[in-house]
Amino acid sequence: MMGQEQKEPGYVKVPDSWPLCFRNKCPKKDECLHYLVATNMADMPDTGPAVYPTVPISEQGCRLFTSQEPRQMAWGFRTLFKDVKSKDEKTLRLKIKAFLGSHASYYRYNDGRKLLTPEQQDWIINLFQESGYSESLAFDHYVYALDFEH
């Protein structure tokens, strides 16, 4: 794999919009990021987004279950575009921007303010492969981090 990699997750900023879960009877609570964050916050807010008690729970937890295992996230597109022909560059960038939601989002993922999930990385790598590129298909930086995108 190309790019720089960091193995240990560092300080994590939990998004203000992250739903907290206090359902202590859920069988997956000890593996769920929603429960982990809720039960380990130093400064608990009085109000905010939450996983409501109406969400059905099964043996697999609820539909909002999010693993608390760090995932390999990425950012930066310079390495991907290193060998791209100029005739293909604009089209590839436009497709990535559309996939990520906007021009502004593209640059947030490019400079590391947002991290690409493994699924997003796969989609982008597949785009390059479908466009005939197979060399240097790596992002600029990799880090193991909690996934607050799901």
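The values are calculated or read from the model by the stated rules, or taken from the named source; none is laboratory data. Here the structure is a predicted model, which means the values were calculated and not measured. In this analysis, Cβ positions are derived from the backbone assuming ideal geometry, glycine residues included, and neighbour counts consider all displayed protein chains. Areas reflect the complete protein model, heavy atoms only, side chains present, ligands, DNA and RNA absent. Shrake-Rupley method; radii C 1.70, N 1.55, O 1.52, S 1.80 Å.
Some values worked out for this structure:
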{"item": "Helix-only CD estimate at 222 nm, as mean residue ellipticity for the chain, using -39500 (n - 2.57) per DSSP H run (n ≥ 4)", "result": "-9500 deg cm²/dmol"}
{"item": "Positive-end extreme of charge dipole, the stretch 1-145 - chosen from Tyr107, Met44, Gln121 (charges on Cβ)", "result": "Tyr107"}
{"item": "Karplus 3J(HN,Hα) series, Hz, for the stretch 20-32 with 6.51 cos²θ - 1.76 cosθ + 1.60 (x for Gly, Pro)", "result": "8, 10, 10, 7, 6, 9, 6, x, 9, 4, 6, 10, 9"}
{"item": "Average Cα contact separation per residue, the stretch 15-76, under 8 Å, 6 or more apart, as relative contact order %", "result": "40 percent"}
{"item": "Rounded accessible area per residue of the stretch 14-115, 1.4 Å, Å²", "result": "65 Å²"}
{"item": "Inter-label distance, nm, simple model (7 Å from Cα along the C-beta direction), Lys13/Arg113", "result": "1.0 nm"}
{"item": "Sequence-distant residues sharing a close amide H with His141 (under 5 Å, placed H)", "result": "Gln4, Trp75"}
{"item": "Per DSSP, loop GluC sites (Glu not before Pro) in the stretch 47-121 with at most 12 further Cβ within 10 Å", "result": "Glu59"}
{"item": "Total lysine pairs whose alpha carbons fall under 27 Å of each other in the chain (8 or more apart, or interchain)", "result": "22"}
{"item": "Fraction of antiparallel bridges per DSSP, the chain only, in percent to nearest 5", "result": "65 percent"}
{"item": "Solvent accessible area, Å² - Ser102, 1.4 Å probe, full protein context", "result": "40 Å²"}
{"item": "Nearest-20 debye value, the chain charge dipole, Cβ charges on Lys, Arg, Asp, Glu", "result": "400 debye"}
{"item": "The stretch 80-138, accessible surface, carbon-and-sulfur percent (1.4 angstrom probe)", "result": "46 percent"}
